[in-house]
Amino acid sequence: GKCCTRYPSSSDGDSGRRREKRPYKCKHILTQRSLELVPVPSHNFTLQFSVLTQHGYYPDTVERENQDSFCIKTQLQGNPNIHFFGVFDGHGQYGAECSNFVKDRLVERLANDTTLLDDPLKAYNSAFLATNSELHDSEIDDTMSGTTAITVLVVGDTLYVANVGDSRAVIAVKDGDRILAEDLSEDQTPFRKDEYERVKLCGARVLSVDQVEGLKDPNIQNWGDEYSQGGDPPRLWVPDGMYPGTAFTRSVGDSTAEKIGVIAVPEISVVRLNCNHLFFVVASDGVFEFLSSRTVVNMVWFI
């Protein structure tokens, strides 16, 4: 979403009235979808947004289902200053069902929480944990399936970014003549020392596939970084089995992985918008596994 486009002039000649906005027909070059527009009257700017989703390319399974879903909910709770954007990356046999369930229930939970404006952080935490419990109790088998979730709640001029998993949100910042990319979330994977130590305390074995298969020494608990080792990342395994093999340390669902430390508790960051913030991008690791945050920002800005 481009988040700092100001309203057009509020006067029309000497009428003193705000100009009536014309229908917005522009298409975004990357998505080839119409840019939608929603005002944030409390701080006199307009959000422009578009969306793109497609299944990844798998040479051996070209018909593989796209398990990602997204949710855009403007004017949450009927408030013109509250807007929600989320991307949900399903995985496992029932990943599509999980991501669609979570994207519907999470925003519904937020929409019905009377404390949302008073305490957005508490409301966010409550919504994620309640949605996780609902998924466990639903007819969807989330034993070995689930979804990550990266969401942005716009409240006036403030972004509340809640992340569960390894999808990502990034914001473009104007710095003189440069456009910088600043991550709004941090991927939750075993590459992170804090997440690694947390799941180890919960009983998880952390090994790459090569280590599990005996091709590499399992005692080496150092995998470099996700950019150099993205092809064979460290994964979580039960102490006495070859499952679940998750490459993330937080998710919604995944009841088996939950027993070894995978949790649905979101990490939440708060950003106050200013005139140097140009737009933010919310995307799954299907994008960020292959493209850096800087590359993604450049694609949106320069194209």
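The values are calculated or read from the model by the stated rules, or taken from the named source; none is laboratory data. In this text, all values refer to a predicted model and were calculated from it rather than measured experimentally. In this analysis, Cβ positions are derived from the backbone assuming ideal geometry, glycine residues included, and neighbour counts consider all displayed protein chains. Calculation scope for accessible area: heavy atoms of the full protein, side chains included, ligands and nucleic acids excluded. Shrake-Rupley method; radii C 1.70, N 1.55, O 1.52, S 1.80 Å.
With all pairs of different alpha carbon atoms counted, what Kirkwood hydrodynamic radius in Å does the chain show?
20.5
Using a 10 Å cut-off on Cβ atoms, rank the peptides 142-153, 44-55, 281-292 from the highest mean neighbour count down.
Averaged packing, sorted descending, gives the order 142-153, 281-292, 44-55.
For residue 94, what accessible surface area do you get with a 1.4 Å probe? Give it in Å², rounded to 10.
Estimated to the nearest 10 Å², residue 94 gives 80 Å².
Run the numbers for residue 292 and residue 141: contour at 0.36 nm per residue of separation, minus the present Cα-Cα distance, in nm.
51.0 nm
Per the Kirkwood formula on distinct C-alpha pairs, the Rh of the range 128-203 is how many angstrom?
About 15.2 Å, per the Kirkwood formula over Cα pairs.
Using R₀ = 45 Å, calculate the FRET efficiency as 1/(1 + (r/R₀)^6) where r is the Cβ-Cβ separation of residue 301 and residue 212; round to 0.05.
Efficiency, rounded to the nearest 0.05: 0.65.
Distance in nm between label sites at residue 63 and residue 44, each 7 Å beyond Cα in the beta-carbon direction?
5.7
Using only the alpha-carbon atoms, how far is helix 120-137 inclined from the longest principal axis of the chain? Give it as 0 to 90 degrees, nearest 10.
Rounded to the nearest ten degrees, it is 50.
Using θ = phi - 60° and the Karplus form 6.51 cos²θ - 1.76 cosθ + 1.60, what ³J(HN,Hα) does each residue of the range 156-162 get, whole Hz, x for Gly and Pro?
For the range 156-162, the Karplus-derived couplings read x, 9, 10, 9, 10, 10, 10 Hz, x marking Gly and Pro.
Which order do 226, 63 take when ranked by solvent-accessible area (1.4 Å probe, heavy atoms of all protein chains), largest first?
63, 226
At a 1.4 Å probe, what is the % contribution of carbon and sulfur to the accessible area of the range 232-303?
57
Given 4 °C and 1.567 mPa s, compute D for the range 86-145 with the Stokes-Einstein relation, Rh being the Kirkwood radius over Cα pairs; round to the nearest whole µm²/s.
Roughly 109 µm²/s, to the nearest whole number.
Using a 7 Å offset from the Cα along the Cα-to-Cβ direction at both residue 178 and residue 93, what is the distance between the two label points in nm, to one decimal?
5.0
Could you provide, to the nearest whole Å², the per residue accessible area of the range 198-283 with probe 1.4 Å?
So the range 198-283 comes to 48 Å² accessible per residue, rounded to a whole number.
Accessible area of the range 133-222 with a 1.4 Å probe: how many percent of it is carbon plus sulfur?
Of the solvent-accessible surface of the range 133-222, carbon and sulfur hold 47 percent.
Can you tell me what percent of all Cα-Cα pairs in the range 210-303 are more than 21 Å apart?
Value for the range 210-303 (Cα pairs over 21 Å): 53 percent.
Heavy-atom accessible area of residue 70 with all protein chains present, probe 1.4 Å, nearest 10 Å²?
70
Between residue 186 and residue 269, with labels modelled 7 Å along Cα→Cβ, what's the label distance in nm to one decimal, could you check?
So the label points at residue 186 and residue 269 sit 0.9 nm apart.
Probe radius 1.4 Å, ligands and nucleic acids left out: which of 259, 174, 103 has the largest accessible area, and how do the rest follow?
I get 259, 174, 103, largest accessible area first.
Going by accessible area, probe 1.4 Å, with all protein chains left in place, what is the ranking of 242, 299, largest first?
242, 299
Over 28 Å between Cα atoms, which of 103/174; 122/174; 103/216; 73/122 qualify?
Beyond 28 Å: 103/174; 122/174; 103/216.
For residue 133, what accessible surface area do you get with a 1.4 Å probe? Give it in Å², rounded to 10.
Accessible area of residue 133: about 60 Å².
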